[in-house]
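First comes the structure, then the notes that go with it.
The values are calculated or read from the model by the stated rules, or taken from the named source; none is laboratory data. Computed from a prediction, not measured in an experiment: that's the story for all the values here. Don't worry about glycine lacking a Cβ; one is built from the backbone with ideal geometry, like all the others, and counts go over all protein chains shown. With ligands, DNA and RNA removed, areas are computed over all heavy atoms of the protein, side chains included. Shrake-Rupley method; radii C 1.70, N 1.55, O 1.52, S 1.80 Å.
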Amino acid sequence: MHETPDRRAVSVLGSTGSVGVNVLKVVEAFPDRFEIVGLAAGRNVHVLARQIARHRPRAISVADAGCLEELGRLVDLAGIQVGLGTDGMVAVATVPAARIVVASAVGAVGLLPTYRALQAGKDVALANKETLVMAGALMRAAAAATGARLLPIDSEHCALHQCLSGREPASVKRLLLTASGGPFRTWKGNLAEVRPADALKHPTWNMGRKISIDSATLMNKGLEVIEARWLFDVPGERIDVVVHPQSIVHSMVEFVDGTILAQLGPTDMRLPIQYALTYPEVWPSTIPGMDFGHALSLTFEPPDHERFPALGLARRALREEGTQPAALNAANEEAVAAFLADLVPFPAIAETVEAVMDAHAVTRPARIEDVLEADAWARVRARDELSRRPLPASRA
Ligand code: MG
């Protein structure tokens, strides 16, 4: 098969997840302009098999040999380079044909493949905010060294990217990240009693499980403050969070002259995905636009730091720098997994993160391996903290 030279060759890390599936929808809406050359997934082999049959990529990866065997029974893998685990993901991230790598794996698992993609000079469309939280300075340095572009898929950062476009850095007063406030914003009950199913009900966005819990604790917004610091090189003190329950304003930038620019749009991940994949061009979208044919209210309020301490913990990690954001992220991933398994109550998530941060001896990571070491240490420590917590009241 011959490629047209102007077709954009895309590799997707985390192709079967909530963002990955939407990435493929965008790609499939422009079959003459995109080509899928790599797909990396974990254990969801049924969805991956359908994606492989449709796109026939050059390289694929799954979690382990058992998954690969099952995949081989579902789809013909002849002529496709196959890989497993982190090595397989790195191979998909650096497949020579790829021009853009979409980093949409969830959590720390995406760190090394995303880093290697930047080192290989690939443009990275980043949905995996955890990688910038863990190793923002190293990621920026890798992109700068090869000239690779780092483009946000996170809707808030996509908004900031648009508001900042063509503006002098010195003209920026502050970034204003909007937050929906999550499912417990107006809930008056005891947060110790909420169940995983309650926390998974996001009011405005339909997302994966991990990010839905992060939205309920507001840790998602904390991670996004750190992500914005590295994407736009703006210090944390000049990044504020505004709760905006309708999720129509995706973020804002205030300039030194007092002007505020906001980006608005429907809550559909395909918009920021298409922005990143087509940048700096703008292609027509097939998604219905905003409907101003009926009354629409936009409201804004400050976040409640007392009920949602995670936001403050993320700011603290950013101030302490070095490996502390990686420790925060690892502890959060472990605590969210324990909460989703109904092993700890909701407030234990932020409490565990704080305990792990208190115990962490912060160092300056010189290499990506130093970050992975801090991540591994924090996971062990977090599991220990979590194992000593009482079961949720509903299970005791
Ligand atoms: Mg976001």
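Which residues, counting only those in segment 248-274, are more than 20 Å from Ala179 (Cβ to Cβ) and either of a type in the set (A, V, I, L, M) or touching a Pro at 6+ places or on another chain (Cβ under 9 Å) (or both)? Spell out the reasoning first.
At the first step, the residues of segment 248-274 found to be more than 20 Å from Ala179 (Cβ to Cβ) are 255-259, 270, 273-274.
Residues satisfying the conditions are Val256, Ile273.
Considering only segment 20-70, state which residues are assigned to a helix (DSSP H, G or I) and open to solvent by less than 30 Å² (accessible area, probe 1.4 Å).
Step one: filter segment 20-70 for residues assigned to a helix (DSSP H, G or I), giving 20-29, 45-55, 65-70.
Within segment 20-70, Gly20, Asn22, Val23, Leu24, Val26, Val27, Val45, Leu48, Ala49, Gln51, Ile52, Cys67 meet the criteria.
For residues in segment 332-369 being among the small types (Gly, Ala, Ser) and touching a Lys or Arg at 6+ places or on another chain (Cβ under 7 Å), which is surrounded by the fewest Cβ atoms within 10 Å (Cβ to Cβ)?
So the first thing to find is which residues in segment 332-369 are among the small types (Gly, Ala, Ser), and the list is 335, 337-338, 341, 348, 350, 355, 359, 361, 366.
From the residues that got through so far, the ones that are touching a Lys or Arg at 6+ places or on another chain (Cβ under 7 Å) too are 348, 359.
Values: Ala348: 20, Ala359: 15.
Residue satisfying both the conditions and the ranking: Ala359.
Give segment 149-163 a look and list any residue that's surrounded by 24 or more Cβ atoms within 10 Å (Cβ to Cβ) and in a strand (DSSP E or B), or say none.
Pro152
Name the one entry in Ala179, Ala199, Ala192 that is surrounded by fewer than 16 Cβ atoms within 10 Å (Cβ to Cβ) and in the same structural domain as Ile349 (by TED's automatic domain parsing). Reasoning before the result, please.
Numbers: Ala179 fails: surrounded by fewer than 16 Cβ atoms within 10 Å (Cβ to Cβ); Ala199 fails: surrounded by fewer than 16 Cβ atoms within 10 Å (Cβ to Cβ).
One residue alone meets the criteria, Ala192.
Only one residue in Glu224, Glu237 is at pLDDT 95 or above and within 29 Å of Val27 (Cβ to Cβ). Which one?
On the way: Glu237 fails: within 29 Å of Val27 (Cβ to Cβ).
Unique residue meeting the criteria: Glu224.
What's the number of the only condition in (1) out of contact with any Ser or Thr (no Cβ under 6 Å at 6 or more places or on another chain); (2) within 23 Å of Met134 (Cα to Cα) that Thr278 fails to meet?
For Thr278, the exception is condition (2).
Does any residue of segment 213-222 turn out to be in contact with a Ser or Thr (Cβ under 6 Å, 6 or more places away or on another chain) and within 13 Å of the ligand (Cβ to nearest atom)?
The first filter runs over segment 213-222 and keeps only residues in contact with a Ser or Thr (Cβ under 6 Å, 6 or more places away or on another chain), leaving none.
Checked against the condition, which is being in contact with a Ser or Thr (Cβ under 6 Å, 6 or more places away or on another chain) and within 13 Å of the ligand (Cβ to nearest atom), segment 213-222 yields no hits at all.
Suppose we filter Ala108, Ala142 for residues that are modelled with pLDDT of 95 or more and at negative phi; which single one remains? Steps first, please.
On the way: Ala108 fails: modelled with pLDDT of 95 or more.
Within the list Ala108, Ala142, the selection yields Ala142.
Applying the selection to segment 188-211, what residues are more than 13 Å from the ligand (Cβ to nearest atom) and in a helix (DSSP H, G or I)?
Listed by number, the residues that qualify are Leu191, Ala192, Glu193, Pro196, Ala197, Asp198, Ala199, Arg209.
Given Arg315, Arg307, Arg319, which one is open to solvent by less than 70 Å² (accessible area, probe 1.4 Å), basic (Lys, Arg) and in the same structural domain as Asp214 (by TED's automatic domain parsing)? Steps first, please.
Values: Arg307 fails: open to solvent by less than 70 Å² (accessible area, probe 1.4 Å); Arg319 fails: open to solvent by less than 70 Å² (accessible area, probe 1.4 Å).
Unique residue meeting the criteria: Arg315.
Report, by residue number, each residue of segment 147-187 that is of a type in the set (Ser, Thr, Tyr), without any contact (Cβ under 8 Å) to a residue 12 or more places away in the chain and either under 30 Å from Val26 (Cα atoms) or within 16 Å of the ligand (Cβ to nearest atom) (or both).
First, the residues of segment 147-187 that are of a type in the set (Ser, Thr, Tyr): 155, 165, 171, 178, 180, 186.
So of that shortlist, the ones also without any contact (Cβ under 8 Å) to a residue 12 or more places away in the chain come out as 165, 186.
Residue satisfying the conditions is Ser165 alone.
Ala376 fails exactly one of the following numbered conditions: (1) surrounded by fewer than 20 Cβ atoms within 10 Å (Cβ to Cβ); (2) over 21 Å from the mean Cα position of the chain (by Cα). What is the number of that condition?
Looking at each condition in turn, Ala376 falls short on (2).
Within segment 269-286, track down each residue that is assigned to a loop (DSSP other than H, G, I, E, B) and open to solvent by 30 Å² or more (accessible area, probe 1.4 Å).
Taking segment 269-286 as the starting set, the residues that turn out to be assigned to a loop (DSSP other than H, G, I, E, B) are 269, 279-286.
The answer is Met269, Tyr279, Pro280, Glu281, Val282, Pro284, Ser285, Thr286.
Condition first: part of a loop (DSSP other than H, G, I, E, B) and either open to solvent by 20 Å² or more (accessible area, probe 1.4 Å) or without any contact (Cβ under 8 Å) to a residue 60 or more places away in the chain (or both). Now tell me which residues in segment 71-110 satisfy that. Lay out the reasoning, then the answer.
First pass over segment 71-110, keeping only residues part of a loop (DSSP other than H, G, I, E, B): 75-80, 94-99, 104-106.
Val75, Asp76, Leu77, Ala78, Gly79, Ile80, Thr94, Pro96, Ala97, Arg99, Val106 - these are the residues of segment 71-110 that are part of a loop (DSSP other than H, G, I, E, B) and either open to solvent by 20 Å² or more (accessible area, probe 1.4 Å) or without any contact (Cβ under 8 Å) to a residue 60 or more places away in the chain (or both).
Assuming Ala141 fulfils every condition listed in (1) open to solvent by 10 Å² or more (accessible area, probe 1.4 Å); (2) within 16 Å of the ligand (Cβ to nearest atom) apart from one, which condition is it?
The number of the failed condition is (2).
Confirm whether Leu264 is under 30 Å from Asp123 (Cα atoms), open to solvent by less than 60 Å² (accessible area, probe 1.4 Å) and not assigned by TED's automatic domain parsing to the domain that holds Asn128. I'd like the intermediate steps shown before the answer.
Details: under 30 Å from Asp123 (Cα atoms): yes; open to solvent by less than 60 Å² (accessible area, probe 1.4 Å): no; not assigned by TED's automatic domain parsing to the domain that holds Asn128: yes.
Judged against the criteria, Leu264 is not a match.
Of all residues in segment 111-132, count the ones that are buried (at least 21 other Cβ atoms within 10 Å of the Cβ), away from the ligand (no atom under 16 Å from the Cβ) and closer than 12 Å to Leu372 by Cβ.
We begin by selecting, within segment 111-132, every residue buried (at least 21 other Cβ atoms within 10 Å of the Cβ); these are 111, 113-115, 117-118, 122-132.
From what's left, away from the ligand (no atom under 16 Å from the Cβ): 111, 113-115, 117-118, 122-124.
Remaining after also requiring closer than 12 Å to Leu372 by Cβ: 111, 115.
Total meeting the criteria: 2.
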